[in-house]
Amino acid sequence: MTAAAVQAPARRWSREARVNTALSLGLLAVPLLAMAAGEPFWVTLATRAAILALAGVGLNLALGYGGLVSFGHAAFFGLGGYAAGVLASHGMSGRPIVTWPLEIGGTTQMLAIWPVAVAAAALGALVIGALSLRTTGVFFIMITLAFGQMAFYFMVSWPAYGGEDGLPTYVRSRFPGVNTMAPLQFFAIAYGWLMLALWLSWRIAGSRLGLALQAARQNRQRLAAVGIRPKSVLLGAFVLSGALTGLAGALYTDLNRFVSPAMLSWQTSGELLVLVILGGVGRLFGPVAGAMLFIALEHLLGGISDYWQFFLGAMLLMVVLFARGGIMGALAGRDG
Amino acid sequence: MAEPVLRAERLSRGFGALRAVDEVTLELRPGEIHALIGPNGAGKSTLIRLIAGEVRPDAGQVLLLGRDVSRLDVARRARMGLGRTFQVSSVAPDFSVLQNVALAVLGSRGGVFGLWRNVMRDEALTGPAREAIADAGLSGRGSVPAAALSHGERRKLEIAMALALQPRLLLLDEPMAGMGVEGAAELGALLSRLRTRVPILLVEHDMDAVFALSDRVSVLAEGRLIASGTGAEIRADADVRRVYLGEAA
């Protein structure tokens with residue numbers, strides 16, 4: 001499935017690289033054409049797709065390369081989202097977040113929010129990962145789900161930041177030299193992060209950690225027998241994975257100018273899994289293809305029928321039964 | 001006599017009421033191939049797993065290079081120089097031969113936590129990997145996916161991975177199993193060449209191979225070590241003939 005990911009990318013460059021380039025340009029073209037056609041709503045859709053793809057790129061590190069079926073990535077998405085929401089709401093109100101032992105205030109600068117969101121999600125992934133990786137298989141799925149639900153109910157029952165009503169932030173946080181409220185400019189930020197994350201993910205897949213991670217997916221017994229602890233490798237990847245998904249969460253809060261426990265729900269975890277699997281598990285651009293299709297279906301089918309997820313489910317079934325490589329497998333051939 | 005590279009000291013391990021391995025003491029010395037034989041269910045696999053660290057002993061110790069490793073996990077023992085092959089070949093099937101062996105180089109020469117350099121372009125990894133591949137007799141097969149290898153080639157790949165660890169000893173669990181006559185002979189020649197480089201503890205059912213290759217043979221039956229000696233001594237041992245060779249003959 002991903003053997004080529006750790007090889008020098010020469011052999012497969014042609015076809016997969018062309019598909020990847022087409023997807024990158026396609027996602028870039030949508031908001032530009034939408035603005036030209038006077039349809040700013042499509043810019044928002046493209047931004048949503050870029051952010052979900054970014055979250056998917058994060059999940060793909062654990063799921064695709066490491067074979068870890070995490071049903072709790074909404075926790076990291078939400079952690080990043082709430083980090084952004086809490087910092088921004090305090091930044092706007094001027095009230096400090098904590099006053100003891102030292103006073104820490106909020107901020108509306110994205111450059112300050114992002115590191116906090118990433119660190120919060122990474123820390124969450126470290127704790128959840130360390131506990132969950134004691135298990136494998138279906139137990140791993142269930143325990144990550146359980147942690148996700150714990151995070152969800154925690155935010156629902158914590159009134160300080162809106163509880164189940166969520167927390168509005170009214171305006172987007174700021175970025176030097178950019179008007180973040182302009183749809184196209186905010187899209188550029190999300191798109192820039194997505195491209196950076198894809199590059200990072202590509203480097204990781206070909207690195208020492210990437211080799212060990214893909215070996216952990218295939219054969220943990222063998223990995224241990226050559227002197228590498230599978231759990232350490234998987235935990236490292238899980239933390240990187242959670243951190244990227246947390247960054248996506250922070251951008252998602254800014255996109256909606258609102259953060260609510262819905263971001264932490266198990267449905268969100270499920271949607272992230274679905275878009276990675278639809279797009280192609282373990283394929284670099286799988287989450288991009290998956291997110292674009294997901295958003296398109298949600299918008300197009302959602303307009304026709306309230307039961308659009310029925311069709312999504314049918315497609316997922318087709319992919320799992322007949323096209324294991326997902327969209328990327330269909331477009332670029334089976335071996336990434 | 002030189003210091004043994006491996007010493008199992010009164011190792012015991014039970015599963016429920018079964019004493020799978022019962023107070024077994026065993027040594028592997030530099031430069032030798034030491035074969036471990038015994039009927040099915042004698043406890044050979046459990047003993048191998050105790051030595052490798054996959055199973056913890058109820059009592060007794062495992063000494064690797066004179067050091068008690070009983071509490072160390074599989075990965076630590078591998079990094080100390082314990083190279084291993086499995087009864088059922090265990091490789092990463094999606095990886096090429098070279099990737100599999102590079103993984104072993106990675107394990108022995110520290111640092112999984114490199115995030116930037118492309119591993120397959122890192123000569124510090126691929127150089128030793130190619131050497132181990134050549135030593136195991138797989139030259140020219142580096143780019144073949146492991147899943148596409150023949151049974152015999154997969155055995156050699158496991159040996160290449162073990163060699164890439166710069167092992168101080170090899171633990172080979174039935175390497176001849178499922179090999180044809182020719183394959184077994186070829187593998188025997190390979191093991192014979194390796195003996196000067198690294199001592200081997202060999203679990204094997206193929207008696208011809210055992211007596212042809214081994215410097216010493218130990219016999220396990222119902223979890224206990226019933227005999228240990230040169231091939232000739234073992235063949236002459238009445239107990240062994242009764243419990244094991246007798247059955248086969």
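I need the semi-axes of the equivalent ellipsoid of the stretch A:15-332: take the C-alpha gyration tensor, multiply each eigenvalue by 5, square-root it, list largest first in whole angstrom. Working shown, then result.
On the way: eigenvalues 167, 132, 68 Å².
Listed largest to smallest, the semi-axes of the stretch A:15-332 are 29, 26, 18 Å.
Amide H to amide H, which residues 5 or more places from B:I200 or on other chains are under 5 Å from it, using H placed in the peptide plane?
Counting only residues 5 or more places away or on other chains, the set is B:E32, B:I33, B:H34, B:L170.
Over chain B, what relative contact order in percent results from Cα pairs under 8 Å that are six or more residues apart? Present the calculation step by step, with values, prior to reporting the outcome.
Values: 478 pairs, mean separation 67.0, N = 249.
Once divided by the residue count of chain B, the mean separation gives 27 percent.
Longest exposed-loop-site-free stretch of chain B, with chymotrypsin sites (Phe, Trp or Tyr not before Pro), DSSP loop and at most 12 other Cβ within 10 Å?
Numbers: sites that count: B:F113, B:W116.
That gives B:117-249 as the longest site-free run.
Once amide H atoms are built 1.01 Å from N in the peptide plane, which residues 5 or more positions from A:G280, or in another chain, come under 5 Å H to H?
For A:G280, whose amide H was placed from the backbone, the distant partners under 5 Å are A:I327, A:M328.
Among B:R155, B:R84, B:R224, which one moves the most in a GNM of chain B with springs linking Cα atoms closer than 10 Å?
Of the options given, B:R224 has the highest mean-square fluctuation.
So for each of A:157-164, B:39-46 I average, over its residues, the number of other beta carbons within 10 Å; can you give me the resulting order with the highest mean first?
On the way: A:157-164: 12.9, B:39-46: 18.8.
Going from most to least packed, we get B:39-46, A:157-164.
Step through the residues of the stretch A:284-293 one at a time and calculate ³J(HN,Hα) from phi using the Karplus curve (6.51 cos²θ - 1.76 cosθ + 1.60, θ = phi - 60°), rounding each to whole Hz and writing x for Gly and Pro.
3, 8, x, x, 5, 4, x, 5, 4, 5
Sort all Cα-Cα distances of the protein assembly as shown into consecutive 10 angstrom bins from zero, then give the percent of pairs in each bin up to the one containing the longest distance.
Computed distribution, short to long bins: 3, 16, 23, 20, 15, 12, 7, 3, 1, 0.
Calculate one ³J(HN,Hα) per residue across the stretch B:153-159 by plugging θ = phi - 60° into the Karplus curve 6.51 cos²θ - 1.76 cosθ + 1.60, and present them in order as whole Hz with x for glycine and proline.
With the stated coefficients, the stretch B:153-159 comes to 5, 5, 4, 5, 4, 4, 5 Hz.
Read the figures in this text as sums done on the coordinates, not as results from a lab. What you are looking at is a predicted structure, and each value in this text was computed from that prediction instead of being measured. So basically every Cβ, Gly included, is an ideal-geometry build from the backbone, and we count neighbours across all protein chains shown.
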